[in-house]
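This report concerns only the one structure given below.
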Amino acid sequence: MKVLVPVKRVIDYNVKVRVKADETGVELANVKMSMNPFDEISIEEAIRLKEAGTVEEVVAVSIGVQQCQETIRTALAMGADRGIHVLHDGDLEPLVVAKILKVLADKEGPSIIIVGKQAIDDDSNQTGQMLAALLGWGQATFVSKIDIDGENIKATREVDGGLETLTVKIPAVLTTDLRLNEPRYASLPNIMKAKKKPIEQVTPEDLGVDPSNRLQVLKVSEPPTREAGVKVSDVGELVDKLRNTAKVI
């Protein structure tokens, strides 16, 4: 069984995001980048399935600029077997990413694709669902526990009312939630070994996918500064503030 895991290069979650002066996007120059945290969880789960003997090969895929190979190397150091880098300069919409992953899935023939439920830069939460639709595979989203039994995957997922358990047939697309696992740190020996693991590089055009976006970002701006709170002396003044100032009642 083979598992395909997309990994995205994003601004590190510890870094405060800054908007460019011309408001065309967020500032990426001289900013620390790292693997999307939800994708770290996806890689960790795939590696655990391999360590359990359920999976034979873990393939990490990243789509983007040349520096995305660093993200793939991180996945290889964690335990993935090989990487695929789809080289493209510029932003890509979730649908374009899903189309690229669909072509790679047809080529690689994985039994399971494990996708982070969302990327912390755009928070779209769309790629996994779109990919499942394009492939015609079953899907389980926001997964917090995975059990594989033969040709079936028993997935526990988090919903508003608590936990829901689904059974999907392989092949399937899974999207990971925070509580699925805690990703490991790559050891120094594994980091050195990762340098020798193969990374195949292709372009969207090589895969027959048009990378053009259908949506255009017109402007990116900082959220308004939150005003300081005020103290009230009694309930009457509180109600007055809520009614006449905040206008919420």
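Here's a check for you: in the range 220-249, which residue that is assigned to a loop (DSSP other than H, G, I, E, B) and among the β-branched types (Val, Ile, Thr) is most open to solvent (accessible area, probe 1.4 Å)? Steps first, answer last, please.
The first filter runs over the range 220-249 and keeps only residues assigned to a loop (DSSP other than H, G, I, E, B), leaving 220-234, 246-249.
Then drop every residue that is not among the β-branched types (Val, Ile, Thr), which leaves 220, 225, 230, 232, 248-249.
Working: VAL220: 37, THR225: 127, VAL230: 110, VAL232: 57, VAL248: 100, ILE249: 107 Å².
Looking at residues that are assigned to a loop (DSSP other than H, G, I, E, B) and among the β-branched types (Val, Ile, Thr), I get THR225.
Taking the range 7-32, which residues are more than 18 Å from VAL220 (Cβ to Cβ) and open to solvent by less than 90 Å² (accessible area, probe 1.4 Å)?
VAL7, LYS8, ARG9, ASP12
Of all residues in the range 194-235, which are modelled with pLDDT of 90 or more and touching a strand residue (DSSP E or B) at 6+ places or on another chain (Cβ under 8 Å)?
Of everything in the range 194-235, those that are modelled with pLDDT of 90 or more and touching a strand residue (DSSP E or B) at 6+ places or on another chain (Cβ under 8 Å) turn out to be LYS197, PRO198, ILE199, GLU200, GLN201, VAL202, THR203, PRO204, LEU207.
Filter the range 154-175 for residues that are open to solvent by less than 30 Å² (accessible area, probe 1.4 Å) and either among the acidic types (Asp, Glu) or not in a strand (DSSP E or B) (or both) and give the result.
ILE170
Hey, could you check the range 83-105 for residues that are of a type in the set (D, E, K, R) and modelled with pLDDT of 95 or more and say which is most open to solvent (accessible area, probe 1.4 Å)? Let's see the steps before the verdict.
Let us first name the residues in the range 83-105 that are of a type in the set (D, E, K, R), namely 89, 91, 93, 99, 102.
Now restrict to residues that are modelled with pLDDT of 95 or more: 99, 102.
Numbers: LYS99: 89, LYS102: 63 Å².
Within the range 83-105, the match that is most open to solvent (accessible area, probe 1.4 Å) is LYS99.
Of all residues in the range 71-82, how many are open to solvent by 10 Å² or more (accessible area, probe 1.4 Å) and either more than 17 Å from GLU44 (Cα to Cα) or outside any helix (DSSP H, G or I) (or both)?
Summing the residues that are open to solvent by 10 Å² or more (accessible area, probe 1.4 Å) and either more than 17 Å from GLU44 (Cα to Cα) or outside any helix (DSSP H, G or I) (or both) in the range 71-82 gives 3.
Could you check how many residues of the range 130-141 are outside any loop (DSSP other than H, G, I, E, B) and either open to solvent by 50 Å² or more (accessible area, probe 1.4 Å) or in contact with a Leu (Cβ under 7 Å, 6 or more places away or on another chain) (or both)?
Here the count works out to 6.
Here are ILE120, ILE148, ILE191: which of them is more than 21 Å from MET78 (Cα to Cα), of a type in the set (A, V, I, L, M), modelled with pLDDT under 95 and surrounded by fewer than 20 Cβ atoms within 10 Å (Cβ to Cβ)?
Working: ILE120 fails: more than 21 Å from MET78 (Cα to Cα); ILE191 fails: more than 21 Å from MET78 (Cα to Cα).
None of the others qualify; the one that does is ILE148.
Which residues, counting only those in the range 6-32, are aliphatic (A, V, I, L, M) and over 14 Å from the mean Cα position of the chain (by Cα)?
VAL15, VAL17, VAL19, ALA21, VAL26, LEU28, ALA29, VAL31
When you go through (1) assigned to a helix (DSSP H, G or I); (2) at pLDDT below 95 one by one for ALA46, which number turns out not to apply?
Going through (1) assigned to a helix (DSSP H, G or I); (2) at pLDDT below 95 one by one, ALA46 breaks only (2).
Condition check: basic (Lys, Arg) and part of a strand (DSSP E or B). Does LYS193 satisfy that?
Judged against the criteria, LYS193 is not a match.
How many residues does the range 49-70 hold that are in a loop (DSSP other than H, G, I, E, B), open to solvent by 60 Å² or more (accessible area, probe 1.4 Å) and touching a strand residue (DSSP E or B) at 6+ places or on another chain (Cβ under 8 Å)?
Start the filter on the range 49-70 by keeping residues that are in a loop (DSSP other than H, G, I, E, B), which leaves 52-56, 65-67.
Keeping just the survivors that are open to solvent by 60 Å² or more (accessible area, probe 1.4 Å) gives 52-53, 56, 66-67.
Next, only the ones that are touching a strand residue (DSSP E or B) at 6+ places or on another chain (Cβ under 8 Å) stay: 56, 66-67.
Of the residues in that region, 3 qualify.
Residue pairs, Cβ under 8 Å, 6 or more apart or interchain, first in the range 171-184 and touching a residue at least 60 places away in the same chain (Cβ under 8 Å) and more than 15 Å from ARG48 (Cα to Cα), second assigned to a helix (DSSP H, G or I) and β-branched (Val, Ile, Thr). List them.
ASP177/ILE41; LEU178/ILE41
Only one residue in GLU45, GLU40 is open to solvent by 40 Å² or more (accessible area, probe 1.4 Å), touching a residue at least 60 places away in the same chain (Cβ under 8 Å) and of a type in the set (Asp, Glu). Which one?
Criteria check complete, one pass: GLU40.
In the range 194-219, what residues are hydrophobic (A, V, I, L, M, F, W, C) and either surrounded by 13 or more Cβ atoms within 10 Å (Cβ to Cβ) or under 23 Å from GLN67 (Cα atoms) (or both)?
ALA194, ILE199, VAL202, LEU207, VAL209
The values are calculated or read from the model by the stated rules, or taken from the named source; none is laboratory data. No experiment lies behind these values; they were computed from the predicted model shown. All Cβ positions, glycine included, derive from the backbone under ideal geometry; neighbour counts span all protein chains shown. Surface areas here come from the heavy atoms of the whole protein model, side chains and all, with no ligands, DNA or RNA. Shrake-Rupley method; radii C 1.70, N 1.55, O 1.52, S 1.80 Å.
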